[in-house]
Amino acid sequence: MEIVAPRGLTLWYDERLTGDYEIAYSVKFITDGGPYDRLSDMNCFWGANDPGSPGDIYAAGTERGGFFPNYKAMKLFYVGYGGNHNTTTRFRLYRGLGAEAPDSVARPLLGEYTAADCLLRPGHWYRVSIRVKDGATTYSVDGRELFTYRLGAEGADGHFALRLLENHVLVADFRIKNL
């Protein structure tokens, strides 16, 4: 699948995931000089739920409008790989507290990398794997586990989404399996 995202784009996987599961896919950024050929923001959500609309992840989609701060009302896990113009790779837990809550409470930073080996490189196919198994969730790229979080009662049941911002990507080999 080829995606050109001239603004913020959240591409939701329609089915809600429960129990132990693995999400895996490959992503390559196009950097051939086109208007959205920007090497930044290989982002994703998982375990996503909207407390304001339980059972309907799309209900507030118009209100969110692809504008990233509007996701603070949701409960989810988020990784921004190569975010902030490809200067950081961050892992956050969104607690569903809303826009008025300070970021440190509403979406605490659980981990961060700034080293070049954890940022995006042009022309590279990235293999992403997200696992929820045995009470923990992990996020890995190219076989390297970058983040692990021990789940509490909240678990990681919910929806998955790719989150893109002003870029041009290829996505391949997408699969979800129960573990």
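The values are calculated or read from the model by the stated rules, or taken from the named source; none is laboratory data. What you are looking at is a predicted structure, and each value in this text was computed from that prediction instead of being measured. Note: ideal-geometry Cβ built from the backbone for every residue, glycine included; neighbour counts use all protein chains shown. Please note that ligands, DNA and RNA were not included when accessible areas were found on the heavy atoms of the full protein model with its side chains. Shrake-Rupley method; radii C 1.70, N 1.55, O 1.52, S 1.80 Å.
Structure data summary
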quantity	calculated
Residue that is modelled with the lowest pLDDT, among those in segment 73-113 that are touching a Gly at 6+ places or on another chain (Cβ under 6 Å) and open to solvent by 20 Å² or more (accessible area, probe 1.4 Å)	Ala73
Of all residues making up segment 74-98, the number that are of a type in the set (Val, Ile, Thr) and without any contact (Cβ under 8 Å) to a residue 40 or more places away in the chain	2
Residues (outside any strand (DSSP E or B), charged (D, E, K, R) and either touching a strand residue (DSSP E or B) at 6+ places or on another chain (Cβ under 6 Å) or open to solvent by less than 70 Å² (accessible area, probe 1.4 Å) (or both)) located in segment 122-149	Asp142
Filter result for Ser104 (free of Cβ contacts under 8 Å to residues at least 24 places away in the same chain and either under 22 Å from Gly52 (Cβ atoms) or outside any strand (DSSP E or B) (or both))	yes
Among residues of segment 45-72, those that are touching a His at 6+ places or on another chain (Cβ under 6 Å) and either open to solvent by 20 Å² or more (accessible area, probe 1.4 Å) or in a strand (DSSP E or B) (or both), counted	1
Filtered residues of segment 158-179 (kept if open to solvent by 60 Å² or more (accessible area, probe 1.4 Å) and over 17 Å from Val79 (Cβ atoms))	Glu166, Asp173, Arg175, Lys177, Asn178, Leu179
